[in-house]
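Student: Just passing along the structure, written as C-alpha cells.
The values are calculated or read from the model by the stated rules, or taken from the named source; none is laboratory data. It should be emphasised that the depicted structure is a prediction, and the values quoted were computed from it without experimental measurement. Counting neighbours? That spans all protein chains shown, and the Cβs are built from the backbone with ideal geometry, glycine included. Side chains are part of the model used for accessible areas, which takes the heavy atoms of the whole protein and leaves out ligands, DNA and RNA. Shrake-Rupley method; radii C 1.70, N 1.55, O 1.52, S 1.80 Å.
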Amino acid sequence: MNLPAPTTAPSSLQLLQQMQALLVERDQKLVERDQKIASLEQQLAWFKQQLFGEKSEKRLIENPDQLPLGEILQDKPEEQEAPTETITYERRKKSHPEDCVTDQGLRFTEDVPVELIPMPAVEMQGEDADQYEVIDYKYTYRLAQRPASYVILKYQREVVRHKPSQTLTTVAAPSGLFDRSFADVSFIAGLLVEKYRFHAPLYRQHQKLESSGITISRGTLTHLEQRAGDLLKPIADEVLNSCLESRVLALDETPGKAGRKSKGKMQKGYFTRSSMPSAGHTAGDTSSSHRMQSRKPPKRRWTA
C-alpha cells in the first residue's frame, strides 16, 4: 500500500517572514489609499472654490441638459379661458406724505435740480390764438437721468492791456485742491463718496467716465484718492482718539484682502472698526494680524 509523503510544517521563522511581508504590503496599500484620498479631497476643494468661491460669479456655466426658453414655451399647451365674473368693491384711497409731488409717491429735496420743460397749448399757436388765454398751469413730474453726471468747468479769464504802457494783465487762474491738477474739489469729493459710501470701485468710475466721453487714466484716479486720503488723515486720527477716550468702546473686526502677498495671491488683513455710541463717532484701522496695538488716548478731546 502506497502512503502519502509526509509534509513538513513551516517553521516559525518562515511564518514570521510571511507575516512581515503581508504587513509591508498592507502598509503600501494604505499609503497609496491615503495619497488617493488626499488627491480627491484637493480636487473636491478646487471644484467647491470654482462653484461657490469668489470667482464663481465670473464663470458662465452652460448646462447641456437645460432647454432654451423658446422651446419650453413652444411645447406649452394653450390654456383655455376660464369663466370670469365681475366683482365690485370700494377701498380707501392711499394717503401720501405732504411732500409728495405725484400720486405715485415721488419726493425730492430742494437740492435736486429741476428742469422746466414748457409745453405750449396747440390752441395758443393757431389762427384763433387771440381767442384763448392762459389762466393756470398744471405740472407733471418725471424722474429722469442724464447720460453723464460730470461737467467741464471752462474758466474764461480776460487778458487786459493797459493802453498807455501797453502792458498785458491776465486774471489769475482759480486755485484748486492740489497744485497742477485739473481735478476740481467737487470731483475729488464725489470720487471718495462714490467709492466709500456707494461702494463703486475706481475701475467702475473709470468706465463711467469713458462712457461719458471723458478720458482719464486709472492711475490718475488712484493718485487723487491717495492725496485726498492724506488730507483726511488728521481728521481720522482725531476721531479715533476721541473714540479711545470714551467710557464705552464698541469694536468690530472684519477680514478682507488688501495688498499683494505673492504672485496671484492677496494679503489677508483685518479692518477694525471702533465706535463710541454715546457721541456717534466711528473710526477704522487696518492690520495684518489679530493683535491690537495699545494706544494711549491724548489729553486733548476732539468732538464732532
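Student: Can you give me the relative contact order of the range 180-244 as a percent, contacts being Cα pairs under 8 Å and 6 or more apart?
Tutor: 26 percent
Student: How big is the accessible area of Thr220 in square angstrom, nearest 10, if you roll a 1.4 angstrom probe over the protein chains?
Tutor: Estimated to the nearest 10 Å², Thr220 gives 40 Å².
Student: Of all chymotrypsin sites (Phe, Trp or Tyr not before Pro) in the range 167-226, which ones are in loop regions per DSSP and have a Cβ with at most 15 other Cβ atoms within 10 Å?
Tutor: Phe178, Phe182, Phe198
Student: If I model a spin label at Leu30 and Ala121 as a point 7 Å from the Cα along the Cα→Cβ vector, what separation in nanometres do I get?
Tutor: With each label placed 7 Å out from Cα toward Cβ, I get 9.9 nm.
Student: Okay, next question. Could you give the length gained on full extension between Lys48 and Val151, defined as 0.36 nm per residue of separation minus the Cα-Cα distance, in nm?
Tutor: Here the answer is 32.4 nm.
Student: Also: Would you please give the FRET efficiency between Ala173 and Arg142, computed as 1/(1 + (r/R0)^6) with r the Cβ-Cβ distance and R0 = 41 Å, to the nearest 0.05?
Tutor: According to the calculation, E is roughly 0.55.
Student: Quick one: order Val160, Val239, Val114 from most to least accessible surface, probe 1.4 Å.
Tutor: Highest to lowest solvent-accessible surface, that is Val114, Val160, Val239.
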